[in-house]
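Novice: First, the structure itself, so that you have it in front of you.
The values are calculated or read from the model by the stated rules, or taken from the named source; none is laboratory data. Since we're looking at a predicted model, the values are computed, not measured. We place every Cβ from the backbone using ideal geometry, glycine too, and count neighbours over all the protein chains shown.
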Amino acid sequence: MTKKIIAASSLGVSNTKISHDALFVIEQLQKNNYDGYIVGGGIRDILLGKTPKDFDVVTNAKPEAVRKIFRRNSVIIGRRFKIVHVLFDNINPEKIINNRPIIERHIIEISTYRSSKVHKHNLNEHGKIVEDNNYGTQEEDAFRRDFTINSLFYDPIKEIIIDYTHGIEDVKNKTLRIIGDPKERYTEDPVRILRAIRLAVKLGLQIEKKSAAPFAKFKQLLCNENKWRMYEEMLKICLSGESLKCINALREIRLPYKVFPLFDKLFFKHEADAFALKILEKTDNRLKETNDVSIIFIFSGLLWSMVEEDYSNNYKNGMTKYNALIASIEQHAAFINLLGVTKNIFYAVKDVWTLQIKLEIPQPKNVAKTVLDSRFRQAWHLYTMRHEFQQVDTNIFTWWNKYLQENSNKQILLEELESLIGNQLALMQYKKRKKKKKQS
């Protein structure tokens, strides 16, 4: 195909829409006589009238050369294909804690042009690329990318866009088209099937027929992917802003069993889990308003119905609420590990769940401490969701709502709580006595 160079201004692209950190990285690369372009989603989203989440940079400099330019602020990562992360610490004046704006870590990812040549010894038995540190030209790199709309290069210094694959035309036609032979590309990396569906749904694109046709045959290859990679893909779906539509699309292509064990359990059975659906609906809505969403809340909510069922049964069988919940969590720990959920996220989710006990039966002397817990925000959102599903005492929920209002009289409310908890405990004891009589 012919290389096209287009003035960015003719397509409505300007540097005002580009991250300052990305511009700085490209300036430094070009000052050192290397190429520097924004590639992939950063330029694609601007052309589609959307706000980019990330700005990835591509260059002809090898990772070691990039590392020399950015030194301590950079790190080389990756096995299959080495890339460089350049790290920035930026002050966010919109997020203030103790009258001080917080500092946020921002990463610009830099990759080196990939070669079109893939050696056979770099492929596994299924034909998938497992090692890819073969460097090439910009044109080769363009044709190694997955979809035409992701193969555009933007030079913010010259303010031009370079197109080798008719990507601009596909952007205008809102078409998602895989580069090259679809069968070969899905064999190289079957996760491209998931990416095609997610991007099409998220960006409102139509998948070209030739690109979609092999899904039925090659989707089975996804079963060979490791759980950690599938975990990352699951996260991307949950954080896409269109997770419910993505899950419906995956159901339509009849995604093989065990590709996403959590989705199998929650959404791909006969009747989808209503609580989990509501969690994703709330997440989608929040992502349309802001990027500030909590993965901890998402997982604590998606997995809650599974944990809650055994928690309730354990409690009915005579365990204390805390022991009933801990026992339920332990019952499902192996399944959660199977999903690829990292230990730190699992422990954070566990904290959110155990805080539910403190919200259900608040102790007046510990209320202030509970509110200061680092996981209280996520726990409160989950508790609110549980109230919507009539899983918690309405009187206790109403009390918490009053207490969390800034202008509330905390002391009076704590006195009210004493009475509420007394009534609640009396009711619990009454139910236990009634149950014992039935059993005898």
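Novice: Quick check on S243: is it buried (at least 17 other Cβ atoms within 10 Å of the Cβ), assigned by TED's automatic domain parsing to the domain that holds F268 and under 14 Å from the mean Cα position of the chain (by Cα)?
Specialist: Spelling it out, S243 is indeed buried (at least 17 other Cβ atoms within 10 Å of the Cβ), assigned by TED's automatic domain parsing to the domain that holds F268 and under 14 Å from the mean Cα position of the chain (by Cα).
Novice: Looking at (1) under 27 Å from the mean Cα position of the chain (by Cα); (2) outside any strand (DSSP E or B); (3) at pLDDT below 90, can you tell me which one M1 breaks?
Specialist: Among (1) under 27 Å from the mean Cα position of the chain (by Cα); (2) outside any strand (DSSP E or B); (3) at pLDDT below 90, the lone unmet condition for M1 is (1).
Novice: Another question, if that's okay. For region 6-61, name all the residues that are at pLDDT 95 or above and basic (K, R).
Specialist: If the condition is that a residue be at pLDDT 95 or above and basic (K, R), then K31, R44 are the ones that fit.
Novice: Select from region 208-238 the residues that are touching a strand residue (DSSP E or B) at 6+ places or on another chain (Cβ under 8 Å) and hydroxyl-bearing (S, T, Y) and list them in ascending order.
Specialist: Hit for region 208-238 is S211, nothing else.
Novice: Taking interchain pairs and intrachain pairs at least six residues apart, which have beta carbon atoms under 6 angstrom, with the first residue in region 162-178 and free of Cβ contacts under 8 Å to residues at least 60 places away in the same chain and the second surrounded by fewer than 20 Cβ atoms within 10 Å (Cβ to Cβ)?
Specialist: Going by the 6 Å Cβ cut-off, the qualifying pairs are T175/Q206; T175/E208; R177/E208.
Novice: How do the pairs read when you match residues in region 358-374 that are surrounded by 11 or more Cβ atoms within 10 Å (Cβ to Cβ) with residues anywhere that are of a type in the set (F, W, Y), using Cβ under 6 Å and keeping only pairs 6 or more apart or on different chains?
Specialist: Correct list of pairs: L359/Y383.
Novice: Continuing with this model, one more query. May I ask you to verify whether R254 is on the phi > 0 side of the Ramachandran plot and either out of contact with any strand residue (DSSP E or B) (no Cβ under 7 Å at 6 or more places or on another chain) or free of Cβ contacts under 8 Å to residues at least 40 places away in the same chain (or both)?
Specialist: When the stated conditions are applied, R254 passes them.
Novice: Please verify whether K219 is part of a helix (DSSP H, G or I) and touching an Asp or Glu at 6+ places or on another chain (Cβ under 6 Å), treating the condition exactly as stated.
Specialist: Judged against the criteria, K219 is not a match.
Novice: Tell me which residues, restricted to region 203-240, are β-branched (V, I, T) and either outside the structural domain of E271 (by TED's automatic domain parsing) or closer than 19 Å to F267 by Cβ (or both).
Specialist: Once the filter is applied, which keeps residues that are β-branched (V, I, T) and either outside the structural domain of E271 (by TED's automatic domain parsing) or closer than 19 Å to F267 by Cβ (or both), region 203-240 yields only I237.
Novice: Also: Does K158 satisfy the criteria of being of a type in the set (K, R), modelled with pLDDT of 95 or more and within 26 Å of N60 (Cα to Cα)?
Specialist: yes
Novice: Still on this structure, I have one more. Applying the selection to region 228-264, what residues are among the β-branched types (V, I, T) and either in a loop (DSSP other than H, G, I, E, B) or under 18 Å from E309 (Cα atoms) (or both)?
Specialist: I253, V259
Novice: Quick one: which helices (runs of 4 or more DSSP H) sit completely within region 265-357 and have at least 3 residues that are in contact with a Leu (Cβ under 7 Å, 6 or more places away or on another chain)?
Specialist: Ranges flagged: 274-289, 295-302.
Novice: When the residues of region 12-37 are narrowed to those that are in contact (Cβ under 8 Å) with a residue 60 or more places away in the chain and touching a helix residue (DSSP H, G or I) at 6+ places or on another chain (Cβ under 6 Å), which ends up surrounded by the fewest Cβ atoms within 10 Å (Cβ to Cβ)?
Specialist: V13
Novice: Quick one: count up the residues across region 358-393 that are of a type outside the set (V, I, T) and in a helix (DSSP H, G or I).
Specialist: Total satisfying the criteria: 20.
Novice: Out of P190, P182, report the one residue that is of a type outside the set (D, E, K, R), free of Cβ contacts under 8 Å to residues at least 40 places away in the same chain and not assigned by TED's automatic domain parsing to the domain that holds S14.
Specialist: Exactly one residue qualifies, and that residue is P182.
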